[in-house]
Structures are given as C-alpha cells and as structure tokens.
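Note sheet for the following structure.
FYI, it's all coordinate maths here, none of it is from the lab. Note that this is a predicted model, so its numbers are computed, not measured. Methodologically, a virtual Cβ is constructed for each residue, glycine included, from the backbone with ideal geometry; neighbour enumeration extends over all protein chains shown.
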Amino acid sequence: MTNNGSLVASNIYHAYDAAAGRIQALENVSFSLGNETFTCLVGPSGCGKSTLLRILAGLVQPESGSVSLNGSTLDSPRRKIGLVFQDATLMPWRTVIQNIMLPLEFTGLSRQEQRRRADSMLELLGLSEFANAYPSALSGGMAQRLAIGRALIYDPEVLLLDEPFGALDALTREYVSEELLRIWSQHKKTVLMVTHSIQEAILLSDRVLVMSPRPGRIVKDVTIDLPRPRSLDDMLGTDFVRLEAQVRAALRR
C-alpha cells in the first residue's frame, strides 16, 4: 500500500456560536505530519482536539488558516483521509464482512476483488472467524478494530483517530493499543490520534503534540525516541517515565 504525502496545518483559527456566546476553540495551530509517522494529540477536555481533527478531515472549515495534503489545499473530505470516531459506528443490520466491505462498494472494484480485500483485512484484524457474525456478537475491542480496518481498507494516506479507545475498559484498551501497533506496523499510514491517556500516547507514537486549554494551541512537541517494536512492558522503563513526565509537565503549564 502506498503513502506519499503529509498533512500540514497552518495557523488554524476557529470559533463557533454557543448558547453562552462566541466560543474560541482553536488559535494559531500549526504543525505537519511526516509520511508514515504516528503522532498523538493530547490536551485537557474542551481544548478543541476533536474540532481540530474534523478540520483536518475536511468536515469543518476553519475561520482562518489552512490545511493541505501533498501540497494541495484541503477544503472538503477526501478519500485520502480516513477518520475513526470513539464510537465504532457499525451498521447493526450488516455482517462483519459486509461492514468492512462498505467503503469498497463505491470504488468500482469487482465484487471478487472487494471480497479478497475484505478477507485480507479481517485476517489482519484477527476477525476472520467473525466474518458472518453481526456487530452485536463483537466485544468493544473487536468493534473498534473493525472500525479501524474499515477506515484502512480503501488505502487512505492519512488516518485520523478521535479517541478510538475512549469507551473501552482499561484492560481492553491496553490490548487494542497493542493491536493498533501491530496493524500500523504492517500498514504504515500517516496517523494522528487524539487520546486523553499520556501513557497510550507515548506507547503508540513517534511524537506527542500537547495542546493548551481553550483556545487550543500547540504548546509542546515531544519526540518519542523509544525504539520499535514496543509493548506494554516498555511502560515500566526509565525512558518511558522520563517522556511521560515531559508530557505531563507541558499539560500542567
């Protein structure tokens, strides 16, 4: 699978109207994502993380500033950018295989090729035995893996993840985090993931962007210099603890 571009945010400013009046969500947000890198975005609740992700996906237009992909201005959703929400948003009346094939139904691929790609993705996700089951038969972790696979199956260049593990219990969250590392190691996409977990951010990413309270700004860009592959055992190491302290200090500013 190919990946030949980066996503760039330049001086993003955004505000919206609410019952309490005009709310400034984001201010002067600028950063770029390198090809095939994994970046996590952390910040206090209400700082604009999800709003920023929707702007990067082309779902919301900023009041000022711009987003570009491969040097081209992004002003609407693109197939080159996949987005996964906290809720897996699976269609309960479709089987697992039918859910994961959904994005392919609009590509013009033959039914045989759609099925081949879907079978391959389910094998990667460890869900092959559930191909003909309905989403109600899946655990929360399985459902989120399926949602991530559905976003990957049409080969986007960039994958945006909006707290995809937020609704999972702690043990399941750790397991699915490791699964995401495994999947990403085989499908090296450019990833930006929003999370509230500092440890999760460090475990998964090449860098962690720290946002301020609203209006959200990038106040720290922490390089995660831990070797890959990684596992949960790395969280006990002194280097991991050092990086966790850096991120936590930036959040406390």
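In table form, for the structure just shown:
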| quantity | calculated |
| --- | --- |
| Two-decimal Rg to Rh for the chain - Kirkwood Rh, Cα set | 0.97 |
| Inter-probe distance in nm under a simple model that places probes 7 Å from Cα toward Cβ, at Ala133 and Asp225 | 4.4 nm |
| Karplus (6.51, -1.76, 1.60) ³J(HN,Hα), θ = phi - 60°, over region 41-55, in Hz, Gly and Pro reported as x | 10, 10, x, x, 4, x, 8, x, 4, 5, 4, 4, 5, 5, 5 |
| Charge context of Gln112, other residues only, Cβ under 14 angstrom, K/R +1, D/E -1 | +1 |
| Beta bridges by DSSP in the chain, antiparallel share as percent, to the nearest 5 | 55 percent |
| Å³ per residue enclosed by the Cα convex hull of region 134-253 | 123 Å³ |
| Helical mean residue ellipticity (222 nm; -39500 (n - 2.57) per DSSP H run of 4+; nearest 500) of the chain | -9500 deg cm²/dmol |
| Stokes-Einstein translational diffusion, region 19-121 - Kirkwood Rh over all Cα pairs, 0.692 mPa s, 37 °C, in µm²/s | 195 µm²/s |
| Exposure proxy ranking, count of Cβ atoms within 10 Å, fewest first, for Leu109, Leu159 | Leu109, Leu159 |
| For region 166-183 and region 68-106, distance of Cα centres in Å | 20 Å |
| Order of Val60, Val96 - criterion: other Cβ atoms within 10 Å of each residue's Cβ, fewest first | Val60, Val96 |
